[in-house]
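Have a look at the structure below before the remarks.
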Amino acid sequence: MTPPLDTPSTALPLPHPLVRSQPAAPPSAQPAAPPKQTPQTLIDRYGRVAKDLRVSLTDRCNLRCTYCMPAEGLEWIPTPQTLTDAETIRLIALGVNQLGIEQVRFTGGEPLLRKSLEDIIAATKDLRTAAGTAPTVALTTNGLGLDRRAAGLKAAGLDRVNISLDTLDRELYARLTRRDRLPGVLAAIDAALEANFSPVKINAVIMPGVNEDSILPLAHFALSRGAQLRFIEQMPLGPRSQWRREQMVTADDILATLAKDFALTPATQPRGSAPAALWEATPRTASATPAGQLGVIASVSYSFCGDCDRTRLTTDGAVRNCLFGNSETSLRDLMRAGASDAELAQAWAGEMWRKLPGHGVNDEGFLQPDRPMSAIGG
Ligand code: SAM
Ligand code: SF4
């Protein structure tokens, strides 16, 4: 077992619990389409099988986080082009009933802006996987309005919630999200804890020269509240030319900051395909903060593409095999042209078969995807 990190000065470079890499090379002769299997799965040429479906329920948002959107917002997808509730549920049902999906996460844009969210969650929770179990249902949200809806969402079948919070400093929060809404997010965290979501996670993106000073206050806050905080490396998915690889705050930078206040030991539980590497964090000095777990999502510096089990559905009905790629297949167009479930399943499996081995963010010629993150679903 890796020993606890000692003092910050002796702690660098920090070991990671698990370093993911690219998947094993594919067989040299690759068929253009996935093999016929029973039951059908969303397997790719590298043997990865998608079981985690991310559904973007809208590309719109009531915040304007600087790392995600420009101040004026984006050109929203016109409503007639977006999936209706019935179309959304049909595709989720196809994924769960026929294609091996075990977890469904609703995201956006801001998924709480979708008025029918509770209905869509209830319909998802009524589905059964091949093993006869209900899928796990999760939500990633900025939290605004969650205080009023947490109990109803729980009753509808929501299992887990991730709330985004990049700082506890109200003035900085307002600058970072371009809206003075911090109290609403704090109320959301209270409500989620009260509704007994298990676990309540907090997502914090760390940007150079912006909120590095928020790392330790966020860690103390989350541990004190019994929420699981995950720091996220900023990814090149927001307004163009804002992200610089050489300037980004890396997972190691974040861990070095945490090591000032906490002894960190890699968590022993298996990580599986989870994006976050977890650490047991024990305060160095007697403090009101209890020991607990902290996570770091190092999508850029310790890519976990080799274990990716995700597939994505955009609000206008395209399936995508990667957050960073440009490949997509419009199931909406097929559906509206009268495709059967079998034809839709085949098209979805074909999209996943094309998944590349890695996201390529660290490659010289990397180009940002044509859709912003809010339109793909983060
Ligand atoms: N609006 C919801 C929210 O903010 O939680 C859901 C959608 S948002 C796109 C999903 C997650 O992606 C959030 O935790 C957000 O902080 C994160 N995110 C957005 N842009 C990002 C970027 N450029 N790099 C890293 N994470 C990003
Ligand atoms: Fe909205 Fe989430 Fe993007 Fe912030 S990160 S602008 S809350 S979609």
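With 0.36 nm allotted per residue and the present C-alpha distance subtracted, the Arg148-Ser116 stretch has 10.1 nm of extension available. Here, region 231-378 is characterised by an Rg to Rh ratio of 1.08, where Rg is the alpha-carbon radius of gyration and Rh the Kirkwood radius. With a Cα cut-off of under 27 Å and a minimum spacing of 8 residues unless on different chains, the lysine pairs in the chain number 14. For region 312-348, the residues whose amide N sits under 20 Å from a probe point set 7 Å from the Cα of Ala86 along the beta carbon direction are 315-318, 331-345. Annotation: average projected area of region 52-173 is 8.3 square nanometres, based on the convex hull of Cα atoms across all directions.
Would you please classify the overall shape of region 154-309 from the alpha carbon gyration tensor, given that a ≥ b ≥ c denote the square roots of the eigenvalues, rounded means a/c under 1.5, and beyond that prolate means a/b larger than b/c while oblate covers the rest? It is rounded, given that a/c, with a ≥ b ≥ c, falls under 1.5. For region 75-133, the spread of Cα coordinates along the three principal axes comes to 41, 19, 16 Å, biggest extent given first. Once you divide the Cα radius of gyration of region 135-194 by 2.2 N^0.38 Å, the number left is 1.17.
Mind listing which GluC sites (Glu not before Pro) in region 205-269 are in a DSSP loop and have 14 or fewer other Cβ atoms within 10 Å? Taking region 205-269 and a limit of 14 other Cβ atoms within 10 Å, the loop GluC sites (Glu not before Pro) found are Glu246. If you wrap the chain in the convex hull of its Cα atoms and look at it from every side, the mean projected area works out to 19.1 nm².
Entry note, region 267-365: relative contact order of 20 percent, from Cα contacts under 8 Å with a spacing of 6+ residues. Between amide H atoms placed 1.01 Å from N, distances below 5 Å from Glu102 occur with Asp52, Leu53, all of them 5 or more places distant or on a separate chain. Using Stokes-Einstein with the Kirkwood hydrodynamic radius over Cα pairs, what translational diffusion coefficient do you get for region 259-339 at 37 °C and a viscosity of 0.692 mPa s, in µm²/s rounded to a whole number? Calculated translational D: 205 µm²/s.
Between the helical axis of 341-353 and the dominant principal axis of the chain, each derived from Cα atoms, what acute angle in degrees is found, rounded to the nearest 10? So the helix axis and the longest Cα principal axis differ by about 50 degrees.
Values quoted throughout were computed directly from the atomic coordinates according to the rules given, and no laboratory measurement underlies them. Because the structure is predicted, anything quoted here is derived from the model rather than measured. Counting neighbours? That spans all protein chains shown, and the Cβs are built from the backbone with ideal geometry, glycine included.
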